[in-house]
Amino acid sequence: MLEPTPFHAAVTGIGLVTPAGIGVEASWRTILAGRPTATVDHALEGMPVDFTCRVPGFDADALLGRRTAWRLDRYVHLALVAAREAIADAGLDPSSWDGSRVGVVMGNALGGVATFAAQHETLLTDGAGKVSSLLIPMMGVNMVAGYLAIDCGALGPNLVTTTACASATTAIGTARDLLRSGRCDVVLAGGAEAGLSKPILAGFTRMGALSGRVDDPAAASRPFEQDRDGFVAAEGAGVLVLEREEHAVARGARIRARVSGYGASADAHHATAPDPSGAGVEAAIRSALDDAGLAPSDVDHVNAHGTSTRPGDAVEAQVLRRLFPDGPAVTSVKGVTGHSLGAAGAIEAACTVLSIEDGLVPPTANLDTPDPELDIDVVHTAPRAVAVAAATSNSFGFGGQNAVLVLTAA
């Protein structure tokens, strides 16, 4: 039997809106500097954990126009700004493309929970007659993909993947499958999340998932650190423009990197805790490498899920030790950005593209004393120069949902 030929989806554009900055340049500069973004969140006043990583200075009215902004939830605001940057970066013109060949696949975990929380309060205080008629289209998990399509005239397949914190990575893998099938020439793929509301933070706090460093928020997100105690909740959006390589080459596009493999698995173990054996994580990574036609020894860099929780980081490190004995350079950008749930995988895939392009792996912020039990090569203190020909970008979510991308140099 002939081995299948690996399929490479060309990454021709990226867009970012993160706590590290609005736009790719601002975000990447802060991430390379290893500057944490967690700070006290005044919207959470009175909560036991009152700090998050929010996008700084984000003005939806100024960026999107008030007429557009008022009828959309914040998670869609972030996605639209990131998508517009990605499309422009790819050199595409939506006014002239064949929209029937353009798809949208976005990841999201929570939907418009801020809108829901606000309208629930309206219901309780003012009655049902005062609830906004826009509640349903503002809060729906699927609406981010729909609104992106409306914004740019993408008439092809349109969907949202929701696999908790793996949602955006699942979206990018699904987008690649659409290109491989020939159904699309271009797919906008990524994720968006803006769930920093009191009910959501209360739920995570009750679970014991969040860091409790209320006296030093900036130091709270510390992936792979010896004294890590939980993640910092964040918001953000990342969008990649993926194309069939022949389509990108035919129009003379700059190919920034390639998505060459995708793997997914389920732990089938526990609702919120990772399988301590790491079997599902390992299966997803091996599946992605097999899909790309690569061996573990080909991997130069791992952009880890690395949330700063004790069990999550330990399981991921255990798998990386087993799979990659040569010790690729590992980083977690969540030390800077916090954990943006359904958007995290897209932000991290974009960072992996930038690492491939720039030959730089960003440092893991707040990693002062690496946990000696983890025993992996985590980049910290400063960026490291690494010639990255192939990298994995890992994402794992509640429900035991694992998704991994292999990205390679163009």
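The values are calculated or read from the model by the stated rules, or taken from the named source; none is laboratory data. A quick note: this is a predicted structure, and the numbers were derived from the prediction, not measured. Virtual Cβ from ideal backbone geometry, glycine too; neighbours counted across all protein chains shown.
Descriptive notes on the structure:
- Pairs are defined by a Cβ separation below 9 Å, a sequence spacing of at least 6 or placement on different chains, a first member in segment 131-159 that is under 16 Å from Val241 (Cα atoms), and a second member that is surrounded by fewer than 16 Cβ atoms within 10 Å (Cβ to Cβ) and acidic (Asp, Glu); the pairs so defined are Leu155/Asp98.
- Looking only at segment 257-276, and only at residues there that are among the charged types (D, E, K, R) and either touching a Lys or Arg at 6+ places or on another chain (Cβ under 7 Å) or in a loop (DSSP other than H, G, I, E, B) (or both), the one that is surrounded by the most Cβ atoms within 10 Å (Cβ to Cβ): Asp267
- Selection status of Ala365, within 22 Å of Arg222 (Cα to Cα), at pLDDT 95 or above, touching a Pro at 6+ places or on another chain (Cβ under 6 Å) and not hydroxyl-bearing (Ser, Thr, Tyr): yes
- Qualifying positions in segment 369-399 - under 28 Å from Thr272 (Cβ atoms) and in a loop (DSSP other than H, G, I, E, B): Thr369, Asp371, Pro372, Glu373, Leu374, Asp375, Ile376, His380, Phe398, Gly399
- Set Glu243, Glu282: member being in contact (Cβ under 8 Å) with a residue 12 or more places away in the chain, farther than 30 Å from Val113 by Cβ, among the acidic types (Asp, Glu) and not in a helix (DSSP H, G or I): Glu243
- Number of positions in segment 13-68 that are aliphatic (A, V, I, L, M) and within 23 Å of Asp229 (Cβ to Cβ): 8
- All positions within segment 234-256 that are farther than 28 Å from Gly21 by Cα, surrounded by fewer than 24 Cβ atoms within 10 Å (Cβ to Cβ) and aliphatic (A, V, I, L, M): Val249, Ala250
Listed here are the residues, each with its yes/no results for (1) basic (Lys, Arg); (2) in a loop (DSSP other than H, G, I, E, B); (3) under 18 Å from the mean Cα position of the chain (by Cα); (4) modelled with pLDDT of 95 or more.
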position: Leu148; (1), (2), (3), (4): no, no, yes, yes
position: Cys165; (1), (2), (3), (4): no, no, yes, yes
position: Leu179; (1), (2), (3), (4): no, no, no, yes
position: Phe204; (1), (2), (3), (4): no, no, no, yes
position: Asp215; (1), (2), (3), (4): no, yes, no, yes
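- If the condition is being part of a helix (DSSP H, G or I), surrounded by 12 or more Cβ atoms within 10 Å (Cβ to Cβ) and more than 25 Å from the chain's Cα centre (by Cα), then segment 101-133 contributes Ala118, Gln119, His120, Thr122, Leu123.
- From Ala279, Ala295, Ala288, residue being farther than 26 Å from Gly111 by Cβ and surrounded by 24 or more Cβ atoms within 10 Å (Cβ to Cβ): Ala288
- Flag if Ile172 is among the hydrophobic types (A, V, I, L, M, F, W, C), surrounded by 24 or more Cβ atoms within 10 Å (Cβ to Cβ), at negative phi and not in a strand (DSSP E or B): yes
- Entry remark, segment 239-267: residues being touching an Asp or Glu at 6+ places or on another chain (Cβ under 8 Å) and closer than 26 Å to Ala192 by Cα number 14 in total.
- Taking (1) closer than 15 Å to Gly335 by Cβ; (2) buried (at least 23 other Cβ atoms within 10 Å of the Cβ); (3) not hydroxyl-bearing (Ser, Thr, Tyr) in turn, Gly34 satisfies each apart from (2).
- For segment 306-324, a tally of residues being touching a helix residue (DSSP H, G or I) at 6+ places or on another chain (Cβ under 8 Å), part of a helix (DSSP H, G or I) and either among the charged types (D, E, K, R) or under 22 Å from Leu110 (Cα atoms) (or both) returns 2.
- Annotation: of all residues in segment 304-330 being charged (D, E, K, R) and within 25 Å of Ala38 (Cβ to Cβ), the one that is surrounded by the fewest Cβ atoms within 10 Å (Cβ to Cβ) is Arg310.
- Elements of type helices (runs of 4 or more DSSP H) contained in segment 1-99, each with 3 or more residues being touching a residue at least 24 places away in the same chain (Cβ under 8 Å): 24-33, 74-90
- Test for Gly327: is it assigned to a loop (DSSP other than H, G, I, E, B) and closer than 24 Å to Gly23 by Cβ: no
- Those residues of segment 390-409 which are hydrophobic (A, V, I, L, M, F, W, C) and either touching a Lys or Arg at 6+ places or on another chain (Cβ under 6 Å) or more than 19 Å from Cys351 (Cα to Cα) (or both), in sequence order: Phe398
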